[in-house]
Amino acid sequence: MKRLFRTLLPSPRITACTVVLLFALTFVADSAARLRSGVCGRVYMTSGEIITACDSMRISVPKKNKKPEIINKAYTKRNEISRRINPSEVDSLVLWAVSSPEHPHTFRFIPGQGWSFVAESTPRIAVYCIAPKGYRLSGNGGLWMVGKSRMFVIKDGIVHEFGKPNQKADKKFRRRLAALVADDPELAQYIESAVGRRDKILRSLRLYNPQK
């Protein structure tokens, strides 16, 4: 019976290894929490102020309704958040990976939607893609949507939802979009006959030129 009882107890060696492993995992998690990261970019404030962050400064990548953070001494143990900015005070964020400054990405905070990537923008109409779970900038300059994303158009201050960017455009989609730009007959005609993914057709709104 005593021999059976001993086999049910963990050996001192296994117990010690477990404690060391738990300590190591806790240390790694704590270190990761302290090492705040971010990307390079500029914050264009509605007041006219421009905040530029690069070199030892970084900007957090926007997500949902969160306040963008300006991080000093990023990627070091001495990192600190020097400023949290209210989204309503931001006109736009222009962000890029430190290795790809030639590929900037613009974001705007849209009330009722959250931080949204600006796919196309003209004085009269703008196309946005939003990923509620956030965004990632890759080293080669690409932008990745985390989780499910959707696209919408804002014209004359009104939001028009157009669903998933990779979904194939059907007749209903084309008719809705063509009606939205009916004051540009040439573009509306193109949209009505266009084929392919929704994001490709929506980005054609950069050509929007309403007839007066």
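The values are calculated or read from the model by the stated rules, or taken from the named source; none is laboratory data. Predicted model, so just to flag it, every value in this text is computed and none were measured. Note: ideal-geometry Cβ built from the backbone for every residue, glycine included; neighbour counts use all protein chains shown. Protein only, heavy atoms only, side chains kept; ligands, DNA and RNA dropped before computing areas. Shrake-Rupley method; radii C 1.70, N 1.55, O 1.52, S 1.80 Å.
The criterion of at least 1 residues that are polar (S, T, N, Q) is met, among strands (runs of 3 or more DSSP E) falling completely within region 109-170, by 114-121. Can you name the number of the only condition in (1) within 20 Å of Gly141 (Cβ to Cβ); (2) out of contact with any strand residue (DSSP E or B) (no Cβ under 6 Å at 6 or more places or on another chain) that Ser92 fails? If we test Ser92 against (1) within 20 Å of Gly141 (Cβ to Cβ); (2) out of contact with any strand residue (DSSP E or B) (no Cβ under 6 Å at 6 or more places or on another chain), just (2) comes out false.
If I ask for residues that are open to solvent by 80 Å² or more (accessible area, probe 1.4 Å) and either modelled with pLDDT under 95 or in a loop (DSSP other than H, G, I, E, B) (or both), which ones from region 84-100 would you list? It would help to see each step written out before you state the result.
Step one: filter region 84-100 for residues open to solvent by 80 Å² or more (accessible area, probe 1.4 Å), giving 84, 88-89, 98.
Val98 - this is the single residue of region 84-100 that is open to solvent by 80 Å² or more (accessible area, probe 1.4 Å) and either modelled with pLDDT under 95 or in a loop (DSSP other than H, G, I, E, B) (or both).
Looking only at region 169-196, residues that are surrounded by 11 or more Cβ atoms within 10 Å (Cβ to Cβ) and within 27 Å of the chain's Cα centre (by Cα) come to 6 in all.
Would you confirm whether or not region 199-211 contains a residue that is hydroxyl-bearing (Ser, Thr, Tyr), farther than 27 Å from Ser60 by Cβ and exposed (fewer than 12 other Cβ atoms within 10 Å of the Cβ)? For region 199-211, residues hydroxyl-bearing (Ser, Thr, Tyr), farther than 27 Å from Ser60 by Cβ and exposed (fewer than 12 other Cβ atoms within 10 Å of the Cβ): absent. If you go through region 66-79 one residue at a time, how many are farther than 24 Å from Gly114 by Cβ and without any contact (Cβ under 8 Å) to a residue 40 or more places away in the chain? Qualifying residue count, region 66-79: 3. Cβ-Cβ contacts under 8 Å between residues 6 or more apart (or on different chains), taken from a first residue in region 97-114 that is more than 14 Å from Pro87 (Cα to Cα) to a second residue that is outside any strand (DSSP E or B) and of a type in the set (A, V, I, L, M), are listed as His103/Ala97. Pairing each residue of region 120-142 that is open to solvent by 40 Å² or more (accessible area, probe 1.4 Å) with any residue that is among the polar types (S, T, N, Q), provided the two are 6+ apart or on different chains, yields C-beta distances under 7 Å for Gly139/Ser99; Gly139/Ser100; Asn140/Ser100.
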